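Below is one structure, written out as structure tokens, with a few remarks after it.
Every number here is computed from the coordinates shown, using simple stated rules; none is lab data. Note that the structure is predicted; figures quoted are calculated from it, not measured. We place every Cβ from the backbone using ideal geometry, glycine too, and count neighbours over all the protein chains shown.
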Amino acid sequence: MDALAGGGPKSAPAKLNEATVFYRGAVLEHTASVTLDKGDNEVWIEGLSSGIDESSLRIGMSGGALITAYEYVPRHQTDKAADAGTQRMLDSLRTYENKLRQIGIETKTNEQMLKLLETGMTQKMATPSERGVSLDELSRSMDYYKTKMMAIENELIRLREEKKTCEATVKRLSQQLAEAGHNAGALRLNVTAPVAGAVRVAVSYCTFAASWTPYYGINVESPEKPIRIVQKAKVKQTTGVDWKQVKLTLSTGSPNNGRVAPLFNTWFLHENPPMILAEMTVQNSYSMKTRSVAKAEADMAVEDVADATPMEMSIDDHVIVSDNSAVATIYAIDLPYTIPGNGKEQNIDLRTQEAAADYYYYAAPKLDTDAYLLAEIKESDKLDLPSGSAQITYDGVYLGETYIDNAEALKKLTLTLGTDKRITIRREKVKDFSTKKVFGSDTRQVFAYTISVKNNRKRDVRLTLKDQYPISTQKNIEVELLKDTTTPTTNNTETGVVTWNVTLKAGEARTFTFSYSVKYPKGMDLNL
């Protein structure tokens, strides 16, 4: 865009008021105030994200001012900073950049002097008798050359070391300025104002340089008390701008949810024109549509935002959860937050929920002889838990980490709280009843086991005990669960898993028998 006439370009820092962060991406809303001259103005709105989706950019201006054109600049540095600390870094950067330029000049000069010295000495060494140069004079010249050569070489070494130090300092200061938002994005606007005066500018856009991840802290105090689920969030952003005291909203949705669902137009059959003409027709049609839609969206954005008033920010230490949306759950955090733009994760507590749970022990001694304490959360589908990792503590002791799958939580959420050595379990093969016999062309093999369980706790416990028998996939292989097996609570004939759901009194010991037979053709090798 061409520079505009008037009092010169005007600049204003953009204040970030609100940030709506999605799992990937964020919508940022800025405001700025600038004083315009009557007529044409060039305005710079500084301190925006260094990477945005330009198609999502919305700009509005109050006071009847008209934005006639705009340009987004991803990396925009100014000579003045918004605060004293950043200004000191900026001044230091300029000092070191000037010093680097001076080092470059001195290095080039010394290198040229070194070349001249070498050329002069080479000429003096060439046939000294013909040039009338005595050996004494030549000796003095060589001493001079040696002294001067060493001085220049030492100076070049010093300059190279100084250059490395300056370059490292410039890199560090540039990075700090970028993190402070000085090297952020900016908008260059052409504005026509009907009258001179201050106007308010509102800017919003989508950036994909931000994200949040849900996670949980789950605390089980005792089986007699509800489970306490603290829902948390890890928020990070690399927009190039520090979010300072921003009204933060987290959403489980997507910034693309505002897209309009596609509709069919009538499909008229016709003969296709030649390929080149067809491509030109489609391209021209698309370009016209893009321009018209872009103009309409820009006009709407100016009208919608122009009359907007700044939103009052409350400072309440709580989160408002809106989970009645058909597409997302929204966590509106009233307490303003500061999120640095360097990508460092910030942990935020969202809400605490309590849930009743059924506690029981689970054991599958064929796989593991430990008894696991499980907590099956009642009505977990009503908790609205987005998928994420969870750290579990039981009675103040950290047990480890698990993962909450939202899809599974809608059905039934079961947490493993650890093993309990006070529930002892032993599985043994009963040799007297385990046999292998041949009947004609068939072999019949019997497997028998005893499972001994004892509750060494001082209170009654519920136990779910499981074991397994094989499932045949061939007609000539027959598997039968024998009658002398302790009757299971359930027998899943599709998976071959038997389950006993029992209650063990304090100090009680019980024994379960489990036996099955497998009949198969003689000589067949099975994975028994």
> Cα to Cα, under 24 Å, and not fewer than 8 places away if on the same chain: which lysines meet these conditions relative to LYS412?
Replying inline: LYS225, LYS232, LYS378, LYS382, LYS466
> For THR338 and LEU481 in the same chain, what is the full-extension length gain: residue separation times 0.36 nm, less their Cα-Cα distance, in nm?
Replying inline: 45.0 nm
>> Starting from 0.36 nm per residue, how many nanometres of slack lie between THR147 and VAL73 once their C-alpha separation is accounted for?
In response: 21.3 nm
> When we measure straight from the Cα of LYS475, which lysines land under 21 angstrom away, once same-chain ones fewer than 8 places off are left out?
Replying inline: LYS436, LYS437, LYS519, LYS522
>> Whole-Hz ³J(HN,Hα) for each residue in the stretch 91-100, computed from phi via Karplus 6.51 cos²θ - 1.76 cosθ + 1.60 with θ = phi - 60°, x for glycine and proline: what do you get?
In response: 5, 5, 4, 4, 4, 6, 5, 5, 5, 4
>> Cut-off under 17 Å on the C-alpha distance; same-chain residues fewer than 8 positions from LYS163 excluded. Which lysines are left, in chain and number order?
In response: LYS99, LYS108, LYS171
> What is the extension gain from ASP136 to LEU114, computed as 0.36 nm multiplied by their sequence separation minus the C-alpha to C-alpha distance, in nm to one decimal?
Replying inline: 5.6 nm
> Near THR450, within a Cβ-to-Cβ distance under 9 Å, what is the net charge of the other residues, with Lys and Arg +1 and Asp and Glu -1?
Replying inline: +2
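Under 1.5 on a/c is rounded, so check that first for the stretch 357-528, then, if it is not, pick prolate when a/b is larger than b/c and oblate when it is not; a ≥ b ≥ c are the square roots of the alpha carbon gyration tensor eigenvalues.
It comes out prolate by the Cα gyration axes.
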> Each label point is 7 Å from the Cα along the Cα-to-Cβ direction; what then is the distance between the points at VAL497 and ASN98, in nm?
Replying inline: 7.6
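Exactly which chymotrypsin sites (Phe, Trp or Tyr not before Pro) in the stretch 405-487 are in a DSSP loop and have at most 16 other Cβ atoms within 10 Å?
Working: sites: PHE433, PHE439, PHE447, TYR449; in loops: PHE433.
Here the sparse-neighbourhood loop sites are PHE433.
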> Roughly how many nanometres apart are two label points built 7 Å out from the Cα toward the Cβ at THR489 and LYS15?
Replying inline: 6.2
> Under a point spin-label approximation (7 Å from Cα along Cα-to-Cβ), what is the THR369-SER441 distance to one decimal in nm?
Replying inline: 4.3
> What does the charge dipole of the stretch 357-528 about its Cα centre add up to, to the nearest 20 debye, if the Cβ of each Lys and Arg holds +1 and the Cβ of each Asp and Glu holds -1?
Replying inline: 880
